[in-house]
Structure formats: structure tokens, C-alpha cells
Amino acid sequence: MNEKGYLITNYHVIAQADQIIVALQDGRIAAAQLVGQDRRTDIAILQIEGNNLPVIPQNPHYQAKVGDVVLAIGNPYNLGQTTTFGIISATGRSSISADGRQAFIQTDAAINEGNSGGALVNTQGELVGINTASFQQATDLETYGISFAIPFDLAHKIMEKIIADGRVIRGYIGVDGQDINSVTSRLLGSEHIGGIVILGVDPTGPAAKAGFMVRDIILKIDGQKINGRQSVMDTVTDLRPGTVVEFTLLRKGQEIIVPVTIAEDTRE
């Protein structure tokens, strides 16, 4: 991922390993240190030492779009390095993740066992995602034609957190919500589009302690309008535990501002 020798792979690839060896295309071999891992996103960060390390092109402005042509690179069934070709079939596929909180890229480029942790790249060679076969491994379904990758921006963010802290520290408030649909937003007023209605509150979580109630509607976090359930999850996850954040809620037609002390998400 960079000239300091950091690499991204899948957590499930190295989970049972006693020793990790990295082989480069130019024939060099290096022992890798495990910097940290994150089971929830199925990401592990390794580091090797070396000079003139080949770094994959990365474009922070690239947005994965349905129809983009992609190539999946890997070593399926230990046959040797291969590349498969396809398009991005869908983005934001969170329903297939272990906890429903993880948005994957879906592609029809064939990703089989041994592709895990490999790069999904676009036609410019830029990193689009990290191939993961973890979903397919959990079923007996035919895998060809439907494969998943962890998006580059998420993988990069997890890598930065692991390098900084040795693990991923996530914020937690303890609510479950649902997007406001267009019918509800017409009743509430169009300015509330993007808000989420709270369906459940963890009785021991920070939101409950702050006084959140079922049927409250979250409109803003720290004055910033939110844009649906996924944006709330992403924003809260990035908040540092211990910080106090103001949530703007709609309760019985009235906007109220409720300060919440963020806790750490310790769920696997």
C-alpha cells in the first residue's frame, strides 16, 4: 500500500498462521510482521522491510460505480497469479456482511479461494477494493458470477486506524434505525429527508443514558445533516470514544439537541 512496506490482506487469510512470508513479483521474499487485524471488516495489516517496494496505484477521488470494468488479481486454488475480468455489479451491499454494517462492492469478476486479500483494480490499475471470499466460504452456493470486495476507501481507513492504534477503535451510541422513506418525509417535510427513525435503543448504551427514545428521528450529528442509516453508522463509528457529540433529534414535531458521550464499540 505504500513505500513503508504496509500490506493489506484478509483477516481470514492469516488468522491461523504461525508465520507469514511475502513473495514479491521480482523474486524477493520477506518475513512479514502482523501490525494488526480487524475481524469485523475481515482486514489484516502486515508490514515488510525492503527498498523500492512496488506500490499499487491509489486514487482517493475514484468512486466505484455500477458498470465500471474491474480486474480481480489473486492466486486461486494456489495455481499461481491470475487475473479475472468483469464489471462492478452493485455497491453498498451491506446485507451480505456478517453484521449488516459493512458495505461491499459486488462484482461478476470471478473471485475464488486464493483470491482473498488480492486487489480488485480498475482499468487504470488503481485499487478499487480488496477481494474477499469470506461470504462465499460461508455457503455451499456456486460462487461464479457473484463475488465481493471490501471498498478501497474503507480498507484504507481501517489500515490507517490499525497503524495508528494497533487495532480499530470504533464509536458506539447504541441505537438501531431505519431510513425515512419518501412518504414519511412528505408528512414531516422535505427538510427531513435523510434522517433516520429510531426503532431500538440499547438500554445500557450512551443514547439511552442521553435520553434517546424509540420513534425519535435523528436529523443531524454535530450540526451536520445526515444522509440515511449507513451515513449514521459510518459517522458514529469514526467518532472517538469519550467525546461529547450533539445530536439533533425530531421528537413529536419539535427539534431538540441532545449531547451524547460516545462509548467504544466492543462488539466483534
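The values are calculated or read from the model by the stated rules, or taken from the named source; none is laboratory data. Predicted, not measured: the structure shown is a model, and the values here were computed from it. Backbone-built Cβ (ideal geometry, glycine too); neighbour counts: all protein chains shown. Accessible surface areas use protein heavy atoms only, side chains included; no ligands, DNA or RNA. Shrake-Rupley method; radii C 1.70, N 1.55, O 1.52, S 1.80 Å.
With respect to the numbered conditions (1) at pLDDT 85 or above; (2) under 22 Å from the mean Cα position of the chain (by Cα); (3) of a type in the set (A, V, I, L, M, F, W, C), which one is the sole condition not fulfilled by ALA103?
For ALA103, the failing item is (1).
Are there any pairs, at least 6 apart or on different chains, whose C-beta atoms fall under 6 Å, with the first in segment 16-32 and open to solvent by less than 90 Å² (accessible area, probe 1.4 Å) and of a type outside the set (Val, Ile, Thr) and the second part of a loop (DSSP other than H, G, I, E, B) and at pLDDT 95 or above, and if so, which?
ALA30/ILE48; ALA32/ILE20; ALA32/ILE48
If you check THR204, THR261, which single one turns out to be of a type in the set (Ser, Thr, Tyr), in contact (Cβ under 8 Å) with a residue 40 or more places away in the chain and surrounded by fewer than 17 Cβ atoms within 10 Å (Cβ to Cβ)? Let's see the steps before the verdict.
Numbers: THR204 fails: in contact (Cβ under 8 Å) with a residue 40 or more places away in the chain.
Going through THR204, THR261 in turn, just one is of a type in the set (Ser, Thr, Tyr), in contact (Cβ under 8 Å) with a residue 40 or more places away in the chain and surrounded by fewer than 17 Cβ atoms within 10 Å (Cβ to Cβ): THR261.
When you scan segment 17-31, do you find a residue that is within 19 Å of ILE162 (Cβ to Cβ) and part of a loop (DSSP other than H, G, I, E, B), even just one?
Looking for residues that are within 19 Å of ILE162 (Cβ to Cβ) and part of a loop (DSSP other than H, G, I, E, B), one finds at least one in segment 17-31, hence yes.
Just need a number here: residues in segment 209-268 that are more than 26 Å from the chain's Cα centre (by Cα) and under 18 Å from ILE180 (Cβ atoms). Step through it out loud before you land on a result.
Going residue by residue through segment 209-268, those that are more than 26 Å from the chain's Cα centre (by Cα) are 209-216, 249-259.
Among the residues that remain, those that are also under 18 Å from ILE180 (Cβ atoms) are: 212-216, 249-256.
Summing the residues that are more than 26 Å from the chain's Cα centre (by Cα) and under 18 Å from ILE180 (Cβ atoms) in segment 209-268 gives 13.
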